[in-house]
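The values are calculated or read from the model by the stated rules, or taken from the named source; none is laboratory data. Keep in mind that what you see is a predicted model, and the values were worked out from it rather than measured. Because the Cβ atoms are built from the backbone with ideal geometry, glycine has one as well, and the counts that use them run over all protein chains shown. Side chains are part of the model used for accessible areas, which takes the heavy atoms of the whole protein and leaves out ligands, DNA and RNA. Shrake-Rupley method; radii C 1.70, N 1.55, O 1.52, S 1.80 Å.
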Amino acid sequence: MLIYQWNEITVRLLDEQDEQQLVQWLSDPAVLQYYEGRDRPHNLNMIREHFYTQDDATHRCIVEYGGKPIGYIQFYELEEEERNEYGYGDTDEIIYGTDQFIGEAGYWNRGVGTQLVQYMLDYLVNQKQARKVIMDPQSWNERAISCYEKCGFRKVRLLPEHELHEGKMRDCWLMEYDPYAVHRATLNHLNGEE
């Protein structure tokens with residue numbers, strides 16, 4: 001099922017025919033360095049368990065560029081436990097989280113990831129009425145953090161030892177996109193206010 005298509009990028013829900021593609025990406029050490037960890041190469045059973053048999057409200061999607069599968073993105077509305085963990089327990093705003101990776105290294109450093117995140121933000125804000133969108137990249141992943149900052153995310157707070165990656169608990173940044181704050185900052189800039 002199509003989620004959205006924008007220019008060369010298409011995002012659609014996973015289906016069974018995507019299993020082998022996910023195995024290929026998530027057994028590639030270059031991809032695993034950033035997503036899941038090189039100590040966790042995925043076989044078909046792990047892919048099925050992790051991506052196909054979860055009983056939750058996460059929308060798991062394949063990213064295509066020009067009709068070719070190149071990556072994965074998932075999005076989900078934060079539930080009570082996540083809201084409390086990230087410090088949003090006192091608001092009833094609609095808040096979404098996303099996670100993504102480009103599995104085809106030939107598409108790295110070409111702006112495709114930035115486009116993907118920008119288009120997903122547009123979809124979540126305009127179609128799902130998200131008031132905020134969050135991500136929690138590992139603090140060492142400067143390329144991802146730079147991409148998210150280009151898209152309007154800001155670092156909110158450090159999450160110490162938040163995620164197990166390659167045998168170690170890693171610090172992550174809680175990053176937030178607030179379309180209304182971005183809009184206000186743009187207006188302030190245009191009006192000469194800082």
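Could you give me the ³J(HN,Hα) list for the stretch 29-37, computed from phi with Karplus coefficients 6.51, -1.76, 1.60 and θ = phi - 60°, whole Hz, x at Gly and Pro?
Values per residue, Gly and Pro as x: x, 5, 6, 4, 4, 9, 9, 5, x Hz.
Mean separation of Cα pairs under 8 Å and 6+ residues apart, divided by the residue count of the chain: what relative contact order is that in percent?
16
Could you work out the relative contact order of the stretch 1-77, using alpha carbon pairs under 8 angstrom and six or more residues apart, expressed as a whole percent?
32
With r as the distance between the Cβ atoms of Thr53 and Asp122 and R0 = 30 Å, compute the FRET efficiency 1/(1 + (r/R0)^6) and round to 0.05.
0.50
May I ask for the equivalent-ellipsoid semi-axes of the stretch 1-120, computed as the square root of five times each C-alpha gyration tensor eigenvalue and listed largest first in whole Å?
Working through the eigenvalues yields semi-axes of 24, 18, 15 Å.
Counting other C-beta atoms within 10 Å, and keeping those with at most 15, which DSSP coil GluC sites (Glu not before Pro) do you find in the stretch 71-121?
Those satisfying the criteria are Glu79, Glu93.
Round to the nearest 10 and report in Å² the accessible area of Trp140, as given by a 1.4 Å probe over the protein chains' heavy atoms.
It works out to around 90 Å².
Before rounding to the nearest 500, sum -39500 (n - 2.57) across all DSSP H runs of length at least 4 in the chain and divide by the residue total; then give [θ] at 222 nm in deg cm²/dmol.
-8000 deg cm²/dmol
Let me know the charge dipole size of the stretch 1-48 about its Cα centre in debye, to the nearest 20, where only the beta-carbon of Lys, Arg (+1) and Asp, Glu (-1) is charged.
Once rounded to the nearest 20, the dipole reads 120 debye.
Quick one: which residues, 5 or more positions from Gly71 or on another chain, have an amide H under 5 Å from its amide H? H modelled 1.01 Å from N in the peptide plane, none for Pro or chain starts.
Val63, Gly103
Write down the accessible area per residue of the chain in Å², having rolled a 1.4 Å probe over the full set of protein chains.
Accessible area per residue: 55 Å².
Roughly speaking, to the nearest percent, how much of the stretch 1-131's 1.4 Å accessible area is carbon and sulfur?
41
Give me the extension gain from Gln17 to Asp171: residue separation times 0.36 nm, minus the current Cα-Cα distance, reported in nm with one decimal.
So the extension gain works out to 52.0 nm.
Along the positive direction of the dipole of the stretch 65-130 (beta-carbon charges: Lys, Arg +1; Asp, Glu -1; about the Cα centre), which of Tyr86, Gly106, Tyr96 reaches farthest?
Towards the positive end, the residue furthest out is Gly106.
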